[in-house]
Amino acid sequence: MKSDSWWKSLGYAIEGVIYAVRKERNLRIHIILAVLVLFVALFFKLKSWEYIILAITISLVIAAELFNTAIEYIIDFICKEKCNEVKHIKDVAAGAVLTTAFGAIFVGYFVLFDKIKEYTSFALKRLPDLPSHLAVMSLVITVLLVVILKAIFGKGEPLHGGMPSGHAAVAFSILVSTIYITKNITEIILVFLLAILVSQSRVQLGIHNKKEVIIGGLLGSVTTYLLYNIFLGG
């Protein structure tokens with residue numbers, strides 16, 4: 001079924017990419033992130049070799065996801081029943097995508113981090129010095145709001161299950177306080193990653209669904225942000 005026309009082969013390849021993007025959520029996420037990275041890169045004076053490295057890295061991640069998708073389609077077509085061998089094949093293919101994704105993060109860190117740090121440091125330094133106890137008060141108020149909302153919805157314990165996620169609320173409250181107190185981009189990124197991992201673990205453990213975690217994160221972030229701004233306004 002191989003096409004004799006190079007032009008038709010190109011069309012089939014493009015059709016395959018479009019089909020995969022339409023059907024696979026993870027591939028759409030990779031492409032959106034790639035667009036964002038390239039957009040952010042335009043604001044910095046990158047050298048030609050840095051653009052080349054970014055382009056190669058992005059291409060590898062997307063290609064790995066396409067290969068993973070193709071392998072999944074083949075396995076699903078051949079094996080109609082679930083078995084451990086099929087699971088292992090899919091897990092290994094997904095592991096290839098994960099490896100390239102971590103590689104992309106590593107490359108992005110060294111290519112863009114210093115430039116992002118220089119760009120954001122000035123804005124962070126302009127934030128006023130605030131008493132650290134405001135972070136504790138924000139945390140306490142966030143937890144109280146979580147308890148009130150869980151009482152209203154009638155599900156879950158203060159920090160276990162129900163609407164909203166208390167862990168996500170606390171994690172993102174700490175993140176906002178970190179932004180105001182430390183004004184250090186490295187620490188902010190690390191705390192942000194930790195907040196994401198905390199939230200993701202609640203979903204993976206089946207304690208919360210995505211909606212409960214997202215609302216919890218928004219509750220903690222917005223509450224803490226408003227308290228800091230009220231304090232500044234006073």
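Rule-based calculations on the coordinates, nothing more; no lab input. Only a predicted model underlies this, so the values are computations on that prediction, with no experimental measurement involved. When we count neighbours, we look across all protein chains shown, and the Cβ atoms used for this are built from the backbone with ideal geometry, even at glycine.
What nm value, rounded to one decimal, do you get for the distance between ARG28 and GLU15 when each label is placed 7 Å out toward the C-beta?
2.2 nm
Using only the Cα atoms of the chain, construct the convex hull and provide its projected area averaged over every direction, in square nanometres to one decimal.
Numbers: hull surface 71.3 nm².
Its average projected convex-hull area is 17.8 nm².
How would you order 89-98, 63-72, 211-220 from highest to lowest mean count of nearby Cβ atoms within 10 Å? Spell out each step's value before the answer.
On the way: 89-98: 14.7, 63-72: 18.0, 211-220: 21.2.
So the order, starting with the most tightly packed, is 211-220, 63-72, 89-98.
Given the DSSP H assignment, sum -39500 (n - 2.57) over each helix run of at least 4 residues in the chain and divide by its residue total; what's the result at 222 nm in deg cm²/dmol, nearest 500?
Working: 8 runs with 190 residues, N = 234.
Here the helix-only value at 222 nm equals -28500 deg cm²/dmol.
Quickly work out the ALA63-to-LYS8 label distance, labels modelled 7 Å from Cα along the C-beta direction, and quote it in nm with one decimal.
Once both label points are built, they end up 2.6 nm from each other.
Please say if the range 6-122 is rounded, prolate or oblate, where rounded means a/c under 1.5 for a ≥ b ≥ c the square roots of the C-alpha gyration tensor eigenvalues, and otherwise the choice is prolate for a/b larger than b/c and oblate otherwise? All intermediate terms of the calculation are to be shown ahead of the outcome.
Numbers: a/c = 2.97, a/b = 1.82, b/c = 1.63.
In terms of gyration-tensor shape, prolate.
May I ask you to derive the FRET efficiency for LYS82 and PHE102 from their Cβ-Cβ distance with R0 = 22 Å, giving the value to the nearest 0.05?
Details: r = 28 Å, r/R0 = 1.29.
So, using R0 = 22 Å, E works out to roughly 0.20.
Give the angle, between 0 and 90 degrees and rounded to the nearest 10, that separates the Cα long axis of helix 133-153 from the longest principal axis of the Cα atoms of the chain.
For 133-153 against the chain, the angle is about 70 degrees.
Quick one: length gained pulling ILE189 to ASP91 fully straight, 0.36 nm per residue minus the C-alpha distance? Each step should come with its number before you reach the end.
Numbers: separation 98, 0.36 × 98 = 35.28 nm, distance 2.88 nm.
Extra length available between ILE189 and ASP91 comes to 32.4 nm.
Rank these for me by crowding, LYS150, LYS183, LYS80, LYS8, going from fewest to most other beta carbons within 10 Å.
Values: LYS150 21, LYS183 17, LYS80 7, LYS8 11.
Neighbour counts put them in this order, fewest first: LYS80, LYS8, LYS183, LYS150.
Just going by the charge dipole of the range 133-233, with Lys and Arg at +1 and Asp and Glu at -1 on Cβ, which of ASN184, PHE231, ILE141 is farthest out on the positive end?
Going by the charge dipole, the pick is ILE141.
Using +1 on the beta carbon of Lys and Arg, -1 on that of Asp and Glu, and nothing else charged, what's the dipole of the chain about the Cα centre, debye to 20?
On the way: 22 positive and 16 negative charges, 70 e Å.
Roughly 340 debye, rounded to the nearest 20.
Step through the table entries LYS47/LYS90; LYS8/LYS87; LYS115/LYS183; LYS87/LYS150, compare each Cα-Cα distance with 27 Å, and write down the pairs that go over it. Write down the numbers at each step before the final one.
Details: LYS47/LYS90 38 Å; LYS8/LYS87 35 Å; LYS115/LYS183 16 Å; LYS87/LYS150 38 Å.
Beyond 27 Å between Cα atoms: LYS47/LYS90; LYS8/LYS87; LYS87/LYS150.
Hey, what did the chain get for relative contact order, percent, Cα under 8 Å, at least 6 apart? Can you show the working numbers first?
Working: 204 pairs, mean separation 37.2, N = 234.
16 percent.
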